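> The structure follows.
The values are calculated or read from the model by the stated rules, or taken from the named source; none is laboratory data. Bear in mind that the values here come from a model prediction, so they are computed numbers and not experimental data. Using ideal geometry, Cβ is built from the backbone for each residue, glycine included, and neighbour counts are taken over all protein chains shown. For accessibility, only protein heavy atoms count, side chains too; no ligands or nucleic acids. Shrake-Rupley method; radii C 1.70, N 1.55, O 1.52, S 1.80 Å.
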Amino acid sequence: RDRQPIIAIDGPAGAGKSTVARQVAAKLGLVYLDTGAMYRAITWLILQEGIALDDECAIAELANRCVIELAPSQDLQSPVQVSINGRDVTQAIRSLEVTSQVSTVAAQTAVRQALVKQQQNWGKKGGLVAEGRDIGTHVFPDAEVKIFLTASVQERARRRLKDFKKQGQSTVSVEQLEKDIAERDRKDSTRKVSPLKKAPDAIEVNTDGLSVNEVTEKIVGYYQQRLSRD
Ligand code: CDP
Ligand code: CDP
């Protein structure tokens, strides 16, 4: 092979992809790639510029000219720094407004084409843990290890609520989060272009009742097994 290995992690919202992918990357000395942050950044810019979410032409044009930068910090607790066209949007892309619109934006072909191209460019040399919805099926179909992370909607909503409370936000209810998550799952799995689905050769890991460390160890184990096979 002329590139370093790639680990692809896909799954629905709140399954633990970001948290686990970062930890796996840190353990194995690989680069972490958060593709969801890219869809969020574009969504933020569309809202910022007042472009209508169904104006596919304007959105395509914006997707093709925007410059997204991601800078994961070494400290696993601090968020990945995200900028679009030079604006730091690290905090802004996590807002409820962006979260509720991102799946609509991510369903558009032009947006996906532009972002996938960028992701594949970054991944040319390999050596990364990439996380999203279509990594194993579409972005890196030849990834050495493919993981499909799941958990029940209730468990995922509880995790999100805990995250919000940690940030001092307590206005949102667990019922609302369950509804939002279920709606995003529905949109992500039923869209025409690269819907969220398990790749045939992905290993499904149900994380209900597992800690972040336990899930991380499982994935590191699959990776080591795979390398020793090669
Ligand atoms: O962290 P969370 O699961 O809430 O979402 P995310 O990974 O930040 O992704 C936000 C949204 O971007 C998802 O709900 C998808 O609509 C979209 N997305 C996608 O379509 N393809 C990817 N590879 C990553 C994210
Ligand atoms: O990226 P994704 O939306 O799949 O999930 P996340 O943003 O990593 O959020 C998952 C939250 O659940 C984080 O607060 C984790 O600490 C927590 N968690 C987890 O990720 N995995 C577990 N097995 C248990 C808890």
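> What do you reckon, is Ile181 within 15 Å of ligand 2 (Cβ to nearest atom) and closer than 21 Å to Arg40 by Cβ?
yes
> Considering only the range 133-185, how many residues are part of a helix (DSSP H, G or I) and of a type in the set (Ser, Thr, Tyr)? If you could, list the steps in order and put the result at the bottom.
Within the range 133-185, the first condition is being part of a helix (DSSP H, G or I), and the residues that meet it are 135-139, 153-166, 174-185.
This time we only want the ones that are of a type in the set (Ser, Thr, Tyr), so: 137.
Within the range 133-185, residues that are part of a helix (DSSP H, G or I) and of a type in the set (Ser, Thr, Tyr) number 1.
> Right, Lys17: open to solvent by less than 30 Å² (accessible area, probe 1.4 Å) and at pLDDT 95 or above or not?
Values: open to solvent by less than 30 Å² (accessible area, probe 1.4 Å): yes; at pLDDT 95 or above: yes.
Spelling it out, Lys17 is indeed open to solvent by less than 30 Å² (accessible area, probe 1.4 Å) and at pLDDT 95 or above.
> Report those helices (runs of 4 or more DSSP H) wholly inside the range 1-118 carrying at least 3 residues which are within 15 Å of ligand 1 (Cβ to nearest atom) and touching a strand residue (DSSP E or B) at 6+ places or on another chain (Cβ under 6 Å). Let's see the steps before the verdict.
Values: elements: 17-28, 35-48, 56-65, 96-106.
Once the helices (runs of 4 or more DSSP H) in the range 1-118 are filtered for at least 3 residues that are within 15 Å of ligand 1 (Cβ to nearest atom) and touching a strand residue (DSSP E or B) at 6+ places or on another chain (Cβ under 6 Å), what remains is 17-28, 35-48.
> Please tell me if Thr137 is of a type in the set (Val, Ile, Thr), open to solvent by 20 Å² or more (accessible area, probe 1.4 Å) and more than 11 Å from ligand 1 (Cβ to nearest atom). Spell out the reasoning first.
Details: of a type in the set (Val, Ile, Thr): yes; open to solvent by 20 Å² or more (accessible area, probe 1.4 Å): yes; more than 11 Å from ligand 1 (Cβ to nearest atom): no.
Against the criterion (of a type in the set (Val, Ile, Thr), open to solvent by 20 Å² or more (accessible area, probe 1.4 Å) and more than 11 Å from ligand 1 (Cβ to nearest atom)), Thr137 does not qualify.
> Could I ask something else about it? Which of the residues that make up the range 154-182 are open to solvent by less than 90 Å² (accessible area, probe 1.4 Å), within 20 Å of Thr104 (Cβ to Cβ) and without any contact (Cβ under 8 Å) to a residue 40 or more places away in the chain?
Within the range 154-182, Gln176, Leu177, Glu178, Ala182 meet the criteria.
> Quick one: in the range 26-54, of everything that is among the small types (Gly, Ala, Ser) and away from ligand 2 (no atom under 13 Å from the Cβ), which residue is surrounded by the most Cβ atoms within 10 Å (Cβ to Cβ)? Break it down into steps so the answer makes sense when it comes.
Taking the range 26-54 and keeping what is among the small types (Gly, Ala, Ser), we get 26, 29, 36-37, 41, 50, 52.
Filter again for away from ligand 2 (no atom under 13 Å from the Cβ), leaving 26, 29, 41, 50, 52.
Details: Ala26: 16, Gly29: 8, Ala41: 27, Gly50: 7, Ala52: 9.
Step by step, filter the range 26-54, then rank; the result is Ala41.
> Return the residues of the range 191-204 that are open to solvent by less than 90 Å² (accessible area, probe 1.4 Å) and not in a strand (DSSP E or B); say none if nothing qualifies.
Looking only at the range 191-204, we keep the residues that are open to solvent by less than 90 Å² (accessible area, probe 1.4 Å), and these are 191, 193-196, 198-199, 202-203.
Those that are open to solvent by less than 90 Å² (accessible area, probe 1.4 Å) and not in a strand (DSSP E or B): Arg191, Val193, Ser194, Pro195, Leu196, Lys198, Ala199, Ala202.
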